[in-house]
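Working notes for the structure below.
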Amino acid sequence: MSVPSPVQRLRTSGVVSLEGGDLGVENNVWIVGDEDSAIVVDAAHDHEAIARALGDRELMAIVATHGHGDHVNAAVDLADLADCPILLHPDDAGLWHRVHPYQEPDAPLLHGEALVVGDVELDILHTPGHTPGGVCLYAPGLGVVLTGDTLSAGGPGGPGATGRHPSDLPTLIASIREHLMGLPGDTVVLPGHGEPTTVAEAAEHLDDWAARGF
């Protein structure tokens, strides 16, 4: 599935620590903007690789869709390198501090507000469930929504894992229904892991995801 040209995907890999041990994971880092400026959505694993992908563009902000380590572990180093702010929903401050205990995010992401970079406007949608402060970023002009771990492709994909506190599947399903399923069906879903899908394709699986219970 093609991704609109103002959006660039970079894949980065790393290791996250869970209760059962270390787990290798590949993340999507999304760079949104134009030839002069950009934002980075989910600075994962490798700040130098992200900086190389940005090239000469000015980095306006690093946006975290949520506070899990594999989505924020390169944020501080990248922000220091680029001298830019880090944005996170305040309800994920506790998760953020597990990764970066001695540094605060610079500004809050709040539902109903918007970020503008180049000619792209990104509407902030608070979609709790995977984490309390999970957000999605909807770009109506591009017909895309960046969903982090709120929603990924069908089949084995779906809502982000909710097996560990403070995740909650009913809350996450309600967030998806309320804030994502009302978007146009051909809206391209750009997730934090895996391949893009569309809102219409995801809608076909939503009842199954809700029933599976995790």
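Quick look at the values:
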{"item": "The range 60-118 and the range 124-140: distance between their alpha carbon centers, rounded to Å", "result": "13 Å"}
{"item": "From the C-alpha gyration tensor of the range 1-116, square roots of 5λ in Å", "result": "22, 17, 13"}
{"item": "Net charge, Gly141 excluded, C-beta distance under 9 Å - Lys, Arg +1, Asp, Glu -1", "result": "-2"}
{"item": "Accessible surface of the chain [probe 1.4 Å, protein heavy atoms]: carbon and sulfur percent", "result": "49 percent"}
{"item": "Length-normalised contact order of the range 7-212 in % [C-alpha pairs under 8 Å, at least 6 apart]", "result": "15 percent"}
{"item": "Residue among Gly24, Ala49, Gly118 farthest towards the positive dipole end of the range 7-212, charges placed on Cβ", "result": "Gly24"}
{"item": "Per-selection Rg to Rh, the chain - Cα, Kirkwood hydrodynamic radius", "result": "0.93"}
{"item": "Helical contribution to [θ] at 222 nm, DSSP H n ≥ 4, -39,500 (n - 2.57), averaged over the chain, rounded to 500", "result": "-6000 deg cm²/dmol"}
{"item": "Gain upon complete extension [Arg98, Arg177; 0.36 nm per residue less C-alpha separation]", "result": "25.5 nm"}
{"item": "Most mobile listed residue (Pro128, Pro101, Pro85) in the chain, GNM with C-alpha springs under 10 Å", "result": "Pro101"}
{"item": "Label-point gap, in nm, between Ala211 and Asp22 - each point 7 angstrom along Cα→Cβ", "result": "4.0 nm"}
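The values are calculated or read from the model by the stated rules, or taken from the named source; none is laboratory data. No experiment lies behind these values; they were computed from the predicted model shown. A quick note on method: Cβ atoms are made from the backbone with ideal geometry, for glycine too, and the neighbour counts reach across all protein chains shown. For accessibility, only protein heavy atoms count, side chains too; no ligands or nucleic acids. Shrake-Rupley method; radii C 1.70, N 1.55, O 1.52, S 1.80 Å.
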